[in-house]
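Worksheet: the structure to be examined is printed underneath.
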Amino acid sequence: MARRKKIYEGKAKILYEGPEPGTIVQYFKDDATAFNAQKKDVIEGKGVLNNRLSEYFMTGLAQIGVPTHFIKRINMREQLCRSCEIIPLEIIVRNYAAGSMSTRLGIEEGTQLPRPIVEYCYKDDALGDPLVTEEYIAAFGWASQQDMDDILSLALRVNDYLSGVMFAVGIKLVDFKIEVGRVYDGDFQRLIVADEISPDSCRLWDMETGQKLDKDVFRRDLGNLADAYTEVARRLGVLPKNASPITKPTLIN
Ligand code: TMP
Ligand code: ASP
């Protein structure tokens, strides 16, 4: 096979040029990082699970009319996506206090918020993705007012979709992060959900026991990360229901 041109390598994924103009191939690595890559490990099977889970969520979003970059899965670790100009923001939606919000405001983790709260971080690893306000975003031209209206609407639609999907399998969606990108259709431009949606970028708690089924398992040394992601995949039907926690998952096609 001809060697593909690497466009970008991030902490958990590699992007290659796609087979057609306007496409990219997104490769999911097994690397796990936390605290801006100060903590690192390789978790066998994580990339395979996130490839399938992100496919599952992006496909579901498309089915309810939320545009995403996902085109199709190519193999265990790769998916074909539409290329887009990533808006340099991490868009976080929170339903319950946790993580940096709890630290910042002294609210106990797990406290339900009065309504979903959307926050924005400027995407810059060297700065540790600092929290920014809409005033910063407008003043520095990272996104227009129209973009911000569209981003808010996308973020809340993703929140409703993901909360519902997770609720149905006994999981509480505490918070999540998305990224959005700009695509051009002739004279029109619009924003679509890009990057990935996976337990790497969400907080997922079992509704009965409160058990964490997301990257906090790695961040906080709570057990085996692949087992937690396998449990999410199993509940959603992405893995066979009787799948035992495994490091080399057998996935349903
Ligand atoms: P935080 O509480 O650490 O700010 O995280 C909020 C949510 O965003 C949580 O679901 C994890 C996710 N997240 C990422 O996807 N990437 C990141 O770099 C960080 C810091 C958080
Ligand atoms: N993704 C970030 C990192 O690698 C932070 C995190 O998810 O905790 O360091």
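Here are a few things to note about the model shown:
- Listed peptides 185-198, 30-43 by packing density, highest first (mean Cβ within 10 Å): 185-198, 30-43
- Taking a ≥ b ≥ c as the square roots of the eigenvalues of the Cα gyration tensor, segment 23-73 is prolate, since a/c reaches 1.5 or more and a/b is larger than b/c.
- Shape analysis of segment 103-195 places it in the oblate category; the axes a ≥ b ≥ c from the Cα gyration tensor give an a/c of at least 1.5, with a/b not above b/c.
- Each of Trp142, Trp205 was scored by other Cβ atoms within 10 Å of its Cβ. Arranged with the fewest first, they read Trp142, Trp205.
- Treating each Cα of the chain as an identical point scatterer and summing with the Debye formula, the log10 of I(q)/I(0) at q = 0.08, 0.09, 0.12, 0.13 Å⁻¹ comes to -0.30, -0.38, -0.70, -0.83.
Coordinate-derived values only; no laboratory data. Keep in mind that what you see is a predicted model, and the values were worked out from it rather than measured. Backbone-built Cβ (ideal geometry, glycine too); neighbour counts: all protein chains shown.
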